[in-house]
Amino acid sequence: MSSPDLVDASRPSPVRTPTMIHRWEDTTFLHWRCDAAVVQPRLPPGLRVEEGDGSAWVSLLPFRMRIRFPGLGRLPWLTFPETNVRTYVEGPDGGRGIFFFSLEAGRASPVVAAHASLSLPYVWADMALRRDRDQVRYRSARRVPGPRGAGYDIEVRWGEPIGKDRLPALDDFLVNRFRLYTVKFGRLLSVDAEHEPWSLRRAEVVRLHQDLIQANGLPAPEGEPLVHASEGVVVRIGAPAFAD
């Protein structure tokens, strides 16, 4: 049984007719505190910074993305490294979700598709992900749009499982998010992403060089990040809906 200072992971709304199925694999979460007054002006109208444990947060997540589309038979997964830089927000529709400052992708075709469909801020990057048991190394350098070369070289050592039923409140706040917000044609959209709550592992940083957060117009993060890792989740992506 969880102790009183621990919380159960929140549950997503069901996505009954997914537009895509994702698998987010070999994921590392790196979270830094940030002043809400710095983050808020970088959000579109209608979104408000949501604070966790007394501050806003900016997170960098490298992982392996796999995509398939319902109704297209047994086509192979479209697979590539991806990274997002994100913060945590409340929407005018009452939802709690994520706003992406950028999403790096190691293939050009998802960049084009995501821009066209949802105006998500995808960037084509030269990326690599290599996992050797519990040692994972991620590398990325932007191609287009720039700033060219912005990216990271991150190596992380994964540790013991935390467990879904022993997830502290702040950890739950940062990882279990089931809605994203974006702006298309001047309108705020929301997209739901249904998946099981993350099964997390403890992790420690072995190497961390990055300027990707700064490339998004944010200040360089200060101090050591809060780090999580996960084998991954299967995600059902819903259709976009107006949120404003």
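The alpha carbon centroids of the stretch 24-63 and the stretch 211-234 are separated by 9 Å. Size of the stretch 72-133 from its Cα atoms: along the principal axes, largest to smallest, the extents are 38, 33, 22 Å.
Highest average first, the peptides 135-145, 190-200 ordered by how many other beta carbon atoms sit within 10 Å of their residues are 190-200, 135-145. When the Gaussian network model of the chain links Cα atoms closer than 10 Å, the mean-square fluctuations of Pro221, Pro41, Pro161 top out at Pro41. Within the chain, the percentage of alpha carbon pairs spaced more than 30 angstrom apart rounds to 20%.
Charged neighbours of Val136, selected by a Cβ distance under 15 Å, balance to +1 (K, R count +1; D, E count -1).
Under a Gaussian network description of the chain, with springs only between Cα atoms under 10 Å, the residue in Gly232, Gly97, Gly223 that fluctuates furthest is Gly223. In the stretch 101-244, inverting the average of 1/r over every pair of distinct C-alpha atoms gives 17.1 Å as the Kirkwood radius.
A short reminder: the numbers here are calculations on the coordinates, not readings from a lab. Because the structure is predicted, anything quoted here is derived from the model rather than measured. No Cβ is skipped: glycine too gets one built from the backbone with ideal geometry, and neighbour counts run over all protein chains shown.
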